[in-house]
1. Working with all protein chains in place, sort A:Asp231, B:Asp198 by solvent-accessible area computed with a 1.4 Å probe, largest first.
2. Per residue, how much accessible area does the protein assembly as shown have with a 1.4 Å probe, in Å²?
3. Computing the accessible area with a 1.4 Å probe over protein heavy atoms, can you report the carbon and sulfur percentage for region B:2-230?
4. Take chain B, mark every one of the GluC sites (Glu not before Pro) that falls in a DSSP loop and has at most 13 other Cβ within 10 Å, then report the longest stretch left between them, sites excluded.
5. What residue among B:Gly235, A:Asn195, A:Leu144 has its Cα farthest toward the positive end of the dipole of the protein assembly as shown, where the charges are +1 on Lys, Arg and -1 on Asp, Glu, each on the Cβ?
6. What FRET efficiency comes out for the pair B:Arg279/B:Ile90, r = Cβ-Cβ distance, R0 = 56 Å, nearest 0.05?
7. Can you list the residues in region A:104-134 whose accessible area drops by at least 50 Å² when all protein chains are present, compared with the chain alone? Use a 1.4 Å probe, heavy atoms only.
8. Hey, got the dipole for region A:77-160? About the Cα centre, +1 on K and R Cβ, -1 on D and E Cβ, debye to the nearest 20?
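The values are calculated or read from the model by the stated rules, or taken from the named source; none is laboratory data. From a predicted model like this one, the values you see are computed outputs, not experimental measurements. Please note: Cβ atoms are built from the backbone with ideal geometry, for glycine as well, and neighbour counts cover all protein chains shown. Side chains are part of the model used for accessible areas, which takes the heavy atoms of the whole protein and leaves out ligands, DNA and RNA. Shrake-Rupley method; radii C 1.70, N 1.55, O 1.52, S 1.80 Å.
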Amino acid sequence: MSAMLQLDNVTSAYGAVEALRGVSVEVNKGEIVTLIGANGAGKSTLLMTIFGSPRARAGRVLFEGRDITAMPLHEIARAGIAQAPEGRRIFPRMSVRENLLMGAQAFGVDPGPGLEQAFTLFPRLKERETQRGGTLSGGEQQMLAIGRALMSRPRLLLLDEPSLGLAPLVVRGIFSAIRTLNEQTGLTVLLVEQNANQALRLAHRAYVLVTGRITLEGTGAELLARPEIRDAYLGTH
Amino acid sequence: MAYALQQLINGVALGMIYGLIAVGYTMVYGIIGMINFAHGDIFMVGAFVSLISFVLLSTGGWAAGPGAVLLVLLISMAITALYGWSVERIAYRPLRGSFRLAPLISAIGMSIVLQNFVQVSQGARAKPIEPVIRGSVELWHGNGFSVSVSTMQIVIVVVTLAVLAVFTWLVTSTKLGRAMRACEQDRKMAGLLGIDTDRTISITFVIGAALAAVAGTLYLLRYGLADFFMGFIVGVKAFTAAVLGGVGSLPGALLGGLLIGLIETLWSAYAGQDMFLLRELNPAYKDVAAFAILIATLIFLPSGLLGRAEVEKV
Ligand SMILES: Nc1ncnc2c1ncn2[C@@H]1O[C@H](COP(=O)(O)OP(=O)(O)OP(=O)(O)O)[C@@H](O)[C@H]1O
Ligand SMILES: [Mg+2]
């Protein structure tokens with residue numbers, strides 16, 4: 001069986017600067033795959049290239065067997081991929097509730113179950129339902145970004161550093177929410193993380209990205225055991 | 001006192017028309033960050049579509065009445081909306097993602113195209129129509145003065161408020177309005193959530209043009225004239241209104257429109273009168289007043305009266 005998401009030798013660039021150089025990544029249905037790498041390695045670029053923004057200069061992106069490389073941004077989203085992007089990108093002058101509703105409205109799905117899911121995963125969002133997105137704390141915004149991405153009932157969820165800037169307890173909450181979603185609903189997840197230790201423990205498989213190239217891949221446990229990973233991404237412990 | 005009250009009423013009626021046009025400037029600026037310099041000419045097109053419709057209706061034997069006015073208004077909104085849509089498709093969308101000045105230059109080009117198109121097809125001279133809405137209501141009179149509201153002014157206020165009420169509901173309480181606000185706040189994110197942002201932008205132009213058509217129709221009914229250049233001056237004033245109210249703010253557009261309408265009316269009413277400094281002012285310079293306000297606002301209050309100045313985490 002072919003992978004749910006397949007990046008096939010993808011090259012991506014901003015102007016003359018190449019950010020991805022022939023990257024191949026596969027995510028199978030039901031998997032949690034993590035992508036780790038240093039600042040500027042090209043992780044966010046990889047997630048955005050799946051959405052065609054920037055567009056892949058070479059190579060192909062396939063989702064559930066369809067070639068989505070040249071599709072318009074909104075059609076890629078409608079194909080069943082959602083993203084909680086870098087910087088969270090909460091609509092600052094909309095309430096928490098409206099931000100969540102935005103996640104569902106282009107899909108013609110009933111927002112009810114999505115709202116309930118978001119409020120169950122993150123009870124804090126329920127308390128803040130009418131507060132404006134721009135005035136939420138960083139952690140609350142992250143919860144909202146994930147909740148919003150889930151509103152469309154995506155089959156593939158892309159998460160860009162969900163742990164960034166959050167307290168350890170909140171990070172644990174978010175990681176366990178990801179695991180629960182994966183186990184209970186079969187949601188497939190591609191997770192970009194700096195927090196390599198926890199990400200590798202959570203993920204079924206992992207890739208390491210170094211300046212636009214994949215240098216290592218394997219199961220989470222395999223990569224956790226590799227000395228070069230321990231030195232570069234896990235600190236000394 | 002009575003005179004002042006009368007001028008106030010006149011100013012409000014005029015300001016409503018500016019407000020309707022200013023909303024179009026502000027919406028487009030909010031969503032794609034450009035000043036649509038052709039918007040004043042869209043207003044002019046709206047006035048001409050109404051003029052032609054009135055002429056056709058009256059040769060067709062339709063007496064002027066509320067039904068005819070409503071029909072003309074709807075025709076004008078529909079056809080002018082098509083113009084607004086086309087302008088965006090032809091002149092702005094292909095330039096999306098190019099350097100910032102490109103759509104601005106294109107907008108000026110579009111403005112010239114529309115003016116010349118109307119000049120060639122309708123002639124360069126101002127075209128009059130027969131008064132359609134007549135009559136007035138006297139509110140007060142005494143010692144030689146009287147204050148009255150013309151039926152036309154009542155129509156202007158009622159139609160503008162009704163149209164803006166529908167528009168406000170659309171923006172705040174419908175999915176389309178939410179998509180428009182999302183595009184305004186973070187267009188790329190809206191796309192990531194499956195919103196067809198190009199379509200949303202098109203709809204924004206359509207709505208803005210329809211509002212300008214309402215303004216054009218009311219202006220035509222009020223002043224009885226349309227000419228191919230009318231969109232320029234009125235457009236600049238409406239643009240000033242948008243800037244004064246705070247570009248991007250919808251209530252600000254109406255507020256700015258009312259203020260500009262009032263200032264212009266009061267200027268022509270009082271400038272040159274034999275009082276205090278007023279005798280130094282020339283009533284013919286009422287248009288200059290609008291430009292002066294534009295410049296002063298840009299220098300001293302760039303975010304406008306109701307513009308955003310809050311702190312946001314993004
Ligand atoms: N819009 C842009 N224009 C130009 N260069 C960009 C742009 N976005 C990213 N880059 C460059 O592309 C490279 C990869 O950036 P990217 O954001 O993908 O890194 P990242 O792995 O997500 O880093 P981080 O962990 O810091 O988020 C970097 O060198 C960055 O400077
Ligand atoms: Mg990044």
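1. The most accessible residue leads, giving A:Asp231, B:Asp198.
2. I get 44 Å² per residue for the protein assembly as shown.
3. Heavy-atom surface of region B:2-230 belonging to carbon and sulfur, 1.4 Å probe: 67 percent.
4. The segment B:1-309 is the longest one with no such site.
5. Of the listed residues, the answer is A:Asn195.
6. 0.65
7. A:Gln105
8. Values: 12 positive and 8 negative charges, 25 e Å.
In debye, rounded to 20, region A:77-160 gives about 120.
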